[in-house]
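What follows is a set of notes on a single structure, which appears directly below.
Computed from the coordinates by the stated procedures, all read-outs in this text should not be read as laboratory data. The model shown is predicted, which means the values in this text are computed figures rather than measured ones. A quick note on method: Cβ atoms are made from the backbone with ideal geometry, for glycine too, and the neighbour counts reach across all protein chains shown.
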Amino acid sequence: MAYIDGLLASGERMVRREHQHWFVLVADAFYGIVALLIALLVVFLASGMEEGTIRSLLGNFVLVIVIGGLIYMGWQVLRWMNEEFVVTTRRVLQLEGVVNKKVTDSSLEKINDAILTQSLIGRIFGYGDLDILTASEAGISRLRKLRDADDFKRSMLEAKHELELELSGSRPLPSPPLRTTPPEGTPAPAAAPVAAAAVAPAPAEPPPPAPVAPAPATTPAPPQMSADEVTRTLASLADLHERGAISTEEYEAKKADLLRRL
């Protein structure tokens, strides 16, 4: 199991994994390369010498610087291979160290911006410097000479967007799996009674009763009066009519009403 696999939390997965450009490896292994070139030069010079003490010393010198140069170059290769930049679904990690490991990570939630810087040579050979700006002072600040830095930045921003959707609950739910067609010759399962009852249409509800029009209000019949009461009332009405208190129409209407009560 790779070292990075032991750093991932539950449910976390890697999205992008990248190294520095091989220019960095060449620059770090510069002294080893120079030692090998010096060894080649000494061998070329010693080849024209006669056998003797000087040639023997030069031979030992070449052997030492060749072994030392190879060891130094091998160590730089191991350092380059173990320095990685990883984008996961939650973080951006920087791993370095061959024996003693150092892991620096920045949460995708805290990343505010990412600045990509590429020179003309970097655009030609495909590398750049990526500055990651976070809300805290700690964390990854600069990824130097990152290989395919533009793709790495794009993967980081896409992972940040996916995490924001997941945290806000806006991620669409996965669609239900498609129903597989049973192979030929396989009898179809019998429908359960409960399923049949669930599919059966529900009984139609009875229509609401028609509204009933309210019965017209009936005028109560006037109370019956005796002949004496009617006579006295008519006399009073005649007196009021003569004095002009009521009009002729009102007098005739009241008179007819009194006569109906007999």
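Each part reduced to its alpha carbon centroid, the range 54-126 and the range 1-37 end up 5 Å apart.
Note down the magnitude of the dipole of the range 3-168 about its Cα centre, charges +1 on Lys and Arg C-beta and -1 on Asp and Glu C-beta and zero elsewhere, to the nearest 20 debye. For this selection, approximately 200 debye. All other residues whose Cβ lies under 14 angstrom from that of residue 82 are scored, Lys and Arg at +1 and Asp and Glu at -1, for a net of -1. The ranking of 22, 80 by Cβ neighbour count inside 10 Å, starting from the fewest, reads 22, 80.
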